[in-house]
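The values are calculated or read from the model by the stated rules, or taken from the named source; none is laboratory data. The model shown is predicted, which means the values in this text are computed figures rather than measured ones. Methodologically, a virtual Cβ is constructed for each residue, glycine included, from the backbone with ideal geometry; neighbour enumeration extends over all protein chains shown. Calculation scope for accessible area: heavy atoms of the full protein, side chains included, ligands and nucleic acids excluded. Shrake-Rupley method; radii C 1.70, N 1.55, O 1.52, S 1.80 Å.
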Amino acid sequence: MEAGNQTKFSEFLLLGFSEYPELQPLLFGMFLSMYLVTVLGNLLIILAVTSDSHLHNPMYFFLSNLSFVDICFVTTTVPKMLANIHTQSKGISYIGCLIQMYFSIFFVAMDNFLLTMMAYDRFVAICYPLHYTVIMNPRLCGLLVLMSWVIAFWISLLHTLLIMRLTFCIDTEISHFFCDLAQILKVACSDTLINNIFIFVLTGLLGVFPLTGILYSYSQIVSSLMRMSSARSKYKAFSTCGSHLSVLSLFYGSSLGVYFSSSQSSLIATLMYTVVTPMLNPCIYSLRNKDVKGTLGRLLSRPASCGL
């Protein structure tokens, strides 16, 4: 009982990049710039989708949700990291750590679900173009996103409740720049068997199944493209998937890197999917998509026109 009470009044120490004190000013400037670019880029995507009626379709509906989730995701981790670097402090309270862990799990789950929905959307658009508007109707799209929010909420809550039953030593060091679930379990003083079983089951249900759905969707897309006689039709159809494939590669590539790398490499891989990927998503979609690029160009040209 005493150990449990100790946990409530202790704090975790986020070691992060503290091994490089001489690089702290450079790291602060770099991560602050990346955070601002991420927030601005994703806000522009949301603004473009909401302001242009031509972008009011399922693909861009999911994209705007992805941009919103990415803004929330980086805001969960980066500001605290910047504050710690600026103040040369490593501490985060027990409650603050639980809140950060909860939302990081929540938004990772949402990223996973949204990328799966976007793959399904491309599958229907290419394989069943005549039935696309009937299948991917606004009600279905809204229901899919709502279900994702509900499932992500319960997943995060259950993980958090299971962590709260564990005990920790005072001033426990976490070899990361935020309260990652796996790192927290490593420093727990009590048995984590139930937590690990829960992670294993959820990874199977919510990791393997969505990824299987994505692979199936793209296998059907490739099969459909192979049956097209026109090379121009093939290129046009597949070009709509290029941005999504790039984001998928970044997200799942860096996520897998976290689990198949050493602790220092894991830190870099985690940085990739928590900071770099959300920053690159708007660039990938705006540069590879003519509709988004055109809308952003018109939006950015308005202030210049008003100034003249």
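Among the conditions (1) in contact (Cβ under 8 Å) with a residue 40 or more places away in the chain; (2) farther than 22 Å from Pro278 by Cβ; (3) in contact with a helix residue (DSSP H, G or I) (Cβ under 7 Å, 6 or more places away or on another chain), Phe177 misses just one, which is (2). The residues on offer are Leu63, Leu130, Leu140, Leu115, and the sole one that is closer than 27 Å to Leu202 by Cα, in a helix (DSSP H, G or I) and open to solvent by 20 Å² or more (accessible area, probe 1.4 Å) is Leu140.
I'd like the residue in region 169-223 that is assigned to a helix (DSSP H, G or I) and of a type in the set (Gly, Ala, Ser) and, out of all such residues, is nearest to Ala119 (Cα to Cα). Step by step, filter region 169-223, then rank; the result is Ser217.
Within the option set Asn42, Asn84, being of a type outside the set (Asp, Glu) and over 15 Å from the mean Cα position of the chain (by Cα) holds for one residue only, Asn84. For region 228-250, residues that are open to solvent by 50 Å² or more (accessible area, probe 1.4 Å) and modelled with pLDDT of 80 or more total 2.
For (1) within 20 Å of Thr160 (Cβ to Cβ); (2) not aromatic (Phe, Trp, Tyr), each residue gets a yes or a no:
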| residue | (1), (2) |
| --- | --- |
| Gly16 | no, yes |
| Pro25 | no, yes |
| Tyr35 | no, no |
| Gly96 | yes, yes |
| Leu114 | no, yes |
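The set of residues from region 14-35 being modelled with pLDDT of 85 or more and open to solvent by less than 70 Å² (accessible area, probe 1.4 Å) comprises Leu14, Leu27, Phe28, Gly29, Phe31, Leu32, Ser33, Met34, Tyr35. Exactly one residue out of Gly253, Gly204 is of a type in the set (Gly, Ala, Ser), closer than 30 Å to Ile174 by Cβ, exposed (fewer than 12 other Cβ atoms within 10 Å of the Cβ) and modelled with pLDDT of 75 or more, and it is Gly204.
Restricted to region 160-188, and to residues that are acidic (Asp, Glu) and under 21 Å from Val78 (Cα atoms), which residue is nearest to the chain's Cα centre (by Cα)?
Among those that are acidic (Asp, Glu) and under 21 Å from Val78 (Cα atoms), it is Asp180.
Looking across region 145-161, the residues that are within 14 Å of Cys97 (Cα to Cα) and surrounded by 15 or more Cβ atoms within 10 Å (Cβ to Cβ) come down to Ser156, His159, Thr160. Among the conditions (1) closer than 27 Å to Ser246 by Cβ; (2) crowded, with 20+ Cβ neighbours inside 10 Å, Ile92 misses just one, which is (1). Evaluating Phe68 against the criteria (1) open to solvent by less than 40 Å² (accessible area, probe 1.4 Å); (2) of a type in the set (Phe, Trp, Tyr); (3) under 27 Å from Leu161 (Cα atoms) leaves one unmet condition, (1).
Apart from one condition, Ser89 fits all of (1) farther than 19 Å from Asn281 by Cβ; (2) part of a helix (DSSP H, G or I); the exception is (2). Filter region 110-132 down to the residues that are closer than 13 Å to Ser219 by Cβ and among the aliphatic types (A, V, I, L, M) and list them by number. Ala119, Ile126 - these are the residues of region 110-132 that are closer than 13 Å to Ser219 by Cβ and among the aliphatic types (A, V, I, L, M).
Could you tell me whether Asp180 is crowded, with 16+ Cβ neighbours inside 10 Å and acidic (Asp, Glu)? It is true that Asp180 is crowded, with 16+ Cβ neighbours inside 10 Å and acidic (Asp, Glu). Ala269 meets all of the listed conditions (1) modelled with pLDDT under 80; (2) in contact with a Ser or Thr (Cβ under 7 Å, 6 or more places away or on another chain); (3) open to solvent by 20 Å² or more (accessible area, probe 1.4 Å) but one, namely (3).
Residues in region 162-177 that are in contact with a strand residue (DSSP E or B) (Cβ under 9 Å, 6 or more places away or on another chain), open to solvent by 70 Å² or more (accessible area, probe 1.4 Å) and more than 20 Å from Ile268 (Cβ to Cβ): 2 in all.
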